[in-house]
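In what follows, a structure is listed as structure tokens, so that the remarks can point back to it.
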């Protein structure tokens, strides 16, 4: 999958999870930029991403995520 | 040596003088010396323990980094974290253990508690060190080569009594600032200390008498008086804890270290999740990163049940972190229930209010009010001496629940142990301190304050110092210094 394809699919996951059909995300987006993205929602988001892309992450990988860009990079590594 | 003692004032003055006179490159080492001197004033043997823990953690982090295989790294990480947690648990539960299992059999009496004194700030420095080891294991932070930096991180005296729990990365990033502290931050630090002192003596200590009275004998008070007592305790706890945090952050700034914030106007939270994001933030974010996230990840295959379990374990951990007592356990369980219900229903609640603008407006002020009352309820467990007295207190809050000759709506301030002017002063001071906290986070008001005449600012500072001296009742302890 290409970066834009992952971005597009990820946007849909975010919109569904945070219940906001107009939500836009960029590589620089962090938890602070999205209303409701707290520590509880963080792993729920990771689970939703794993389900949507049919992949699995380790705790160590989840802990090193800095923003949406690094999440996209991690997804790209897994879906290859 | 309490922060509110003459000895500490003397110690701090001397430390500041020597620190700022010393060459820049000596300052971190000097600050480490002051931190150990501060700890040594409390106990020699536990100072040795602190040094031993630091040395062990220093070596463990280097070993984790040095292993080539994931298995080797994991083994050293697990050994380090488990050792620290066993140490914490052993000390924290010793008192409970003696009382629960030995006292009724007559093998020991209550004096046994004195045999096992929990090392000062154990929870705080253990949590700092566990976080550091996990950061190195997760490779979000390189192992610290400089032993002085790691030892200073663990023993930093402004933070060791009751936090805030600063992250290793944030502390190590400021080592250079310790060498050349900013003059502007020094002034901000002094202001912050003064703010904390005012909150402690003008609000927390004043309300402490009233709270002590109602919790000592809940049956002797009306429902209304118990309600006032419950409100007052929540305000006392918040102002006392935020006061020691202000003082700790302020003292840190005098030495060039900015500590993390612990509070963000928690009593105006729209739901219990937001409350826990704004209350004791350095602990809750620590637990979110090092306990909740790994737990939630490992339980994610259980779906919603895994989410509920992870939240519940996290909240129970927060409860018993304060002490291994039934009341703290109940505090954790009640918070766990509130949080699980809130998380599971939040989406539906938001949907319900989305199409109802009038109700949404009511929700804007009703939701923080409801959240505040849920928090006040949990604080009854937090403050009560026993589970029985907590339940008795809650039953007393409901008019007519228990037979009593006291009218439910009686409000006898004399029996509560506070005068009407003192209560009004507390209420006024609390609202003012919240307004200041709110304004301190907004650049407009910071600039406004800076633009005020120097004479006005000086008059304000002197008036507040005078108020602290006049209102100081000799209380040297803080609630959170006990945890």
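See the values below:
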read-out: Single residue of the stretch B:3-28 satisfying the filter (without any contact (Cβ under 8 Å) to a residue 40 or more places away in the chain and part of a loop (DSSP other than H, G, I, E, B)) that is nearest to the chain's Cα centre (by Cα); value: B:22
read-out: Filtered residue count, the stretch B:34-58, keeping only those that are loosely packed, with under 14 Cβ neighbours inside 10 Å and either within 22 Å of residue B:169 (Cα to Cα) or over 30 Å from the mean Cα position of the chain (by Cα) (or both); value: 2
read-out: Residues that are modelled with pLDDT of 95 or more and surrounded by fewer than 17 Cβ atoms within 10 Å (Cβ to Cβ), drawn from the stretch B:10-20; value: B:10, B:13, B:14, B:16, B:17, B:18
read-out: Meets criteria (out of contact with any strand residue (DSSP E or B) (no Cβ under 7 Å at 6 or more places or on another chain), over 20 Å from residue B:478 (Cα atoms), more than 11 Å from every other protein chain (Cβ to nearest Cβ) and at pLDDT below 95) for residue B:288; value: no
read-out: Residues of the stretch B:446-455 satisfying the condition of being within 21 Å of residue B:196 (Cα to Cα) and either surrounded by 10 or more Cβ atoms within 10 Å (Cβ to Cβ) or in contact with a strand residue (DSSP E or B) (Cβ under 6 Å, 6 or more places away or on another chain) (or both); value: B:446, B:449
read-out: Pairs, first more than 22 Å from residue A:43 (Cα to Cα) and outside the structural domain of residue B:314 (by TED's automatic domain parsing) in the stretch B:343-366, second modelled with pLDDT of 90 or more and part of a helix (DSSP H, G or I), C-beta under 7 Å, six or more apart; value: none
read-out: Condition broken by residue B:427, with the remaining ones in (1) surrounded by 13 or more Cβ atoms within 10 Å (Cβ to Cβ); (2) in contact (Cβ under 8 Å) with a residue 12 or more places away in the chain; (3) closer than 14 Å to residue B:236 by Cβ satisfied; value: (2)
read-out: Some residue of the stretch B:271-281 being over 18 Å from the mean Cα position of the chain (by Cα) and over 22 Å from residue B:160 (Cβ atoms); value: yes
read-out: Single match in B:317, B:310, B:390 (criterion: away from every other protein chain (no Cβ under 11 Å) and either over 19 Å from the mean Cα position of the chain (by Cα) or free of Cβ contacts under 8 Å to residues at least 24 places away in the same chain (or both)); value: B:390
read-out: Any hit, the stretch B:221-231, residues being surrounded by fewer than 19 Cβ atoms within 10 Å (Cβ to Cβ) and within 21 Å of the chain's Cα centre (by Cα); value: yes
read-out: Filter result for residue B:376 (modelled with pLDDT of 95 or more, touching a helix residue (DSSP H, G or I) at 6+ places or on another chain (Cβ under 9 Å) and away from chain A (no Cβ under 11 Å)); value: yes
read-out: Where residue B:443 falls short, out of the listed (1) under 30 Å from residue B:335 (Cα atoms); (2) exposed (fewer than 11 other Cβ atoms within 10 Å of the Cβ); value: (1)
read-out: Residues of the stretch A:47-64 satisfying the condition of being part of a loop (DSSP other than H, G, I, E, B) and either more than 10 Å from chain B (Cβ to nearest Cβ) or surrounded by fewer than 17 Cβ atoms within 10 Å (Cβ to Cβ) (or both); value: A:54, A:55, A:56, A:58, A:64
read-out: Looking only at the stretch B:290-307, and only at residues there that are surrounded by fewer than 19 Cβ atoms within 10 Å (Cβ to Cβ) and in contact (Cβ under 8 Å) with a residue 12 or more places away in the chain, the one that is farthest from residue B:124 (Cα to Cα); value: B:304
read-out: Residue within the stretch B:268-279 that is at pLDDT 95 or above, away from chain A (no Cβ under 14 Å) and more than 13 Å from residue B:165 (Cα to Cα) present; value: yes
read-out: Candidates B:209, B:214, filtered to the one that is in the same structural domain as residue B:261 (by TED's automatic domain parsing), crowded, with 21+ Cβ neighbours inside 10 Å and over 20 Å from the mean Cα position of the chain (by Cα); value: B:214
read-out: Unique residue being free of Cβ contacts under 8 Å to residues at least 40 places away in the same chain and away from chain B (no Cβ under 14 Å) when the list is A:44, A:30; value: A:30
read-out: Subset of the stretch B:403-422 that is touching a residue at least 12 places away in the same chain (Cβ under 8 Å) and part of a helix (DSSP H, G or I) - its residue that is farthest from residue B:235 (Cα to Cα); value: B:415
read-out: Test: residue in the stretch A:1-11 that is within 14 Å of another protein chain (Cβ to nearest Cβ), touching a helix residue (DSSP H, G or I) at 6+ places or on another chain (Cβ under 7 Å), in contact (Cβ under 8 Å) with a residue 12 or more places away in the chain and crowded, with 17+ Cβ neighbours inside 10 Å; value: no
read-out: Selection from the stretch A:12-27 of residues that are in a loop (DSSP other than H, G, I, E, B) and either within 14 Å of chain B (Cβ to nearest Cβ) or surrounded by 14 or more Cβ atoms within 10 Å (Cβ to Cβ) (or both); value: A:18, A:19, A:20, A:21, A:22, A:23, A:25
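The values are calculated or read from the model by the stated rules, or taken from the named source; none is laboratory data. Everything numeric here is computed off the predicted structure, so don't read it as measured data. A quick note on method: Cβ atoms are made from the backbone with ideal geometry, for glycine too, and the neighbour counts reach across all protein chains shown.
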